[in-house]
Each structure stands twice: as structure tokens, then as C-alpha cells.
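Coordinate-derived values only; no laboratory data. The structure presented is a predicted model; accordingly, all values stated were derived computationally and were not measured. All Cβ positions, glycine included, derive from the backbone under ideal geometry; neighbour counts span all protein chains shown.
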Ligand code: GDP
């Protein structure tokens, strides 16, 4: 049996990927809760793809708790284009960190995955048990395969070495420190940027990718940071756990929502040469809700907060 540990305010905590959207949200949550003993490295300071560098770092620092939020991430085009990089880099990062957590006796580790681990045509909402029950969506298959390997590593180190390693699978995320590069980003930051710029530059239309019919669920990164803290303190099971908000929206309606909040009056043009990706991926988050966690930030409020903080736009 794995030992149960609860982080103390002075526990030494390593957040891998603390400058990214998820890692920075975890850091903010923990700081708000009064934790004060962090060990942090930027990717310039520590290349997590480098096996020896990661081994040296863990041996020197000996963190007690680890949040593995470092990953090579991107939207549908980046995933589909840099297929080798997404597979290789993510496998390297997670292999190195997970293995060194074991070697250095880390008390507890949380690995972060993604909703793309589920089969493309799995029944909705997606229950944890649907993992590996069908073929994956091809645009992000390399990323999904890496994340599935991460889940299985946590399970295997738990079974073979009694490590208390847990995994959380968040739905599509957005929030502070998101990527706004139009070629590499996910849909929501791309739409926010496109509509804001189109309004500023009086452009007659905004180009949106695909058909607009795919459905997606969006969780604010602050809510995820909070969920990760909750899981670290309360969840010790082998099975990974979904983190979602339980609500979905079509890409068309998402575009219309951003358009409304930005108060853009032009048109939408659909670029159907771009892929739609998986038709739906709505998480079943009943397992997490039964444990007592629920998200707090609505999509509308989350987008308004970004428009205010990043673009200085007061939305209605
Ligand atoms: P996915 O959830 O892995 O498919 O990743 P994305 O967030 O990149 O894309 C979600 C959906 O939004 C897909 O159907 C895209 O075709 C669509 N989409 C519409 N406009 C855009 C855009 O400007 N950027 C991106 N990344 N996706 C867009």
C-alpha cells in the first residue's frame, strides 16, 4: 500500500513547468494557500528532456512533492505538424521526471494529461474507463500516446514500487499565460486574439478554422490549479481522474461568444481546409465531483477576465 501524505505549508514542492499556463496556476493556488517552500526551474535552467540533468537536479534538491505540469503543448495545427516532436519531447520529459521521483523517494507526484487520451468516437461524456477502448483522433495521436504512456507509468511505478503517483486528465484549458501564437495555439486564445485585432484594425471578417460544428469543453486554468491542489491533498488512487466543468459549446458558438464580448461587428469566415479534429470531448467529471471538488469560473467570466487583464477591454 502507498503511504498517504498531505503537503505541509513548509513541504518542499517542485512544480515542473511553473511558467506555463497550468504550472503557473498551480503555483498561484499554492502560494495563496500559504505554501512557501518551492523549488522551481525554467526550461533554460533545467532541460527536462535531458536525463542526466533531471537526475542531478532531483538528487540535489530532493523535492517531497512534485506536480508534473511541464509538456510540449499546442493546438490542433501544431500537434498535427510537429508530430515527432510532440511524441519524443513529451515522452522524454515525463520519463525523466517520473523515474527520478521514484529514485529520489518523492512522497507524492501528480502527472497531468489531457482529454485527447480518449478514443475519437468514445461515448460522451467521457468516463475514465473508456481509456484504450478504441482508436485515437489522428491530429493529436502522438501527444495522446505520450500522455497515455505517462498514465501507465504512474500506474506501473505504483504497482511495482509502491509510489504514490496520481494522474489528472484536464479538459481543454485556457487562462493566464496561454499561448497566443496563431499557428501554435489552441482555439480560445486564437479566437480572442483574432477578434481583438480585427476590431482594432477594422477588418471586415475573422477567419475561423474548420466547420464550427465540433464541441469542446473549456476549463479555466485557475480552476485546474485549484483541482490539482485538491487532488494532491485528497486523492490517492491508481486510476487517473478527469478534471472538467461538465459543459460543452460548439466552436461556432464559442466564436460568437468571443465576437460578442469583444463587440466585433464583422463576419465569420470558415476555413474548412483546416481540420475539425475530434467531434466531441466532454469529460464525465462525476468522480471528482463526488470527492467534493467543483469548478467556479464560468466560460463567459473567464473570457471577460482575459479581455480585461491582457487586452484592457471591458466586456459587457
Ligand atoms: P483540439 O481540441 O485538440 O482539437 O485543439 P484546438 O483547441 O486547437 O482546436 C479545437 C477546435 O477549434 C478545432 O475544431 C479547430 O479546427 C477549431 N478552431 C477554429 N478556429 C481555430 C483557430 O484559430 N485556432 C485553433 N487552434 N483552432 C481553431
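Before moving on, here are some points about what is shown:
- Number of the exception - residue 196 against (1) in contact (Cβ under 8 Å) with a residue 40 or more places away in the chain; (2) over 17 Å from residue 262 (Cβ atoms): (2)
- All positions within the range 259-276 that are touching a strand residue (DSSP E or B) at 6+ places or on another chain (Cβ under 9 Å) and crowded, with 19+ Cβ neighbours inside 10 Å: 259, 264
- Taking the range 60-81 as the range and being under 20 Å from residue 115 (Cβ atoms) and within 16 Å of the ligand (Cβ to nearest atom) as the test, the residues that pass are 71, 72, 73, 74, 75, 76, 77, 78, 79, 80.
- Scanning the range 41-53 turns up one or more residues that are under 23 Å from residue 158 (Cβ atoms) and either surrounded by 15 or more Cβ atoms within 10 Å (Cβ to Cβ) or in contact with a strand residue (DSSP E or B) (Cβ under 7 Å, 6 or more places away or on another chain) (or both).
- Members of the range 131-143 that are surrounded by 17 or more Cβ atoms within 10 Å (Cβ to Cβ) and either touching a strand residue (DSSP E or B) at 6+ places or on another chain (Cβ under 8 Å) or under 19 Å from residue 238 (Cα atoms) (or both): 131
- Annotation for the range 104-126: at least one member residue is surrounded by 15 or more Cβ atoms within 10 Å (Cβ to Cβ), out of contact with any strand residue (DSSP E or B) (no Cβ under 7 Å at 6 or more places or on another chain) and more than 18 Å from residue 170 (Cα to Cα).
- Residues located in the range 283-309, provided they are touching a residue at least 24 places away in the same chain (Cβ under 8 Å), in a loop (DSSP other than H, G, I, E, B) and out of contact with any strand residue (DSSP E or B) (no Cβ under 9 Å at 6 or more places or on another chain): 292
- Residues that are within 28 Å of residue 5 (Cβ to Cβ) and within 16 Å of the ligand (Cβ to nearest atom) are absent from the range 32-48 altogether.
- The residues of the range 150-180 that are under 24 Å from residue 78 (Cα atoms) and surrounded by fewer than 18 Cβ atoms within 10 Å (Cβ to Cβ), listed by number, are 176, 177, 179, 180.
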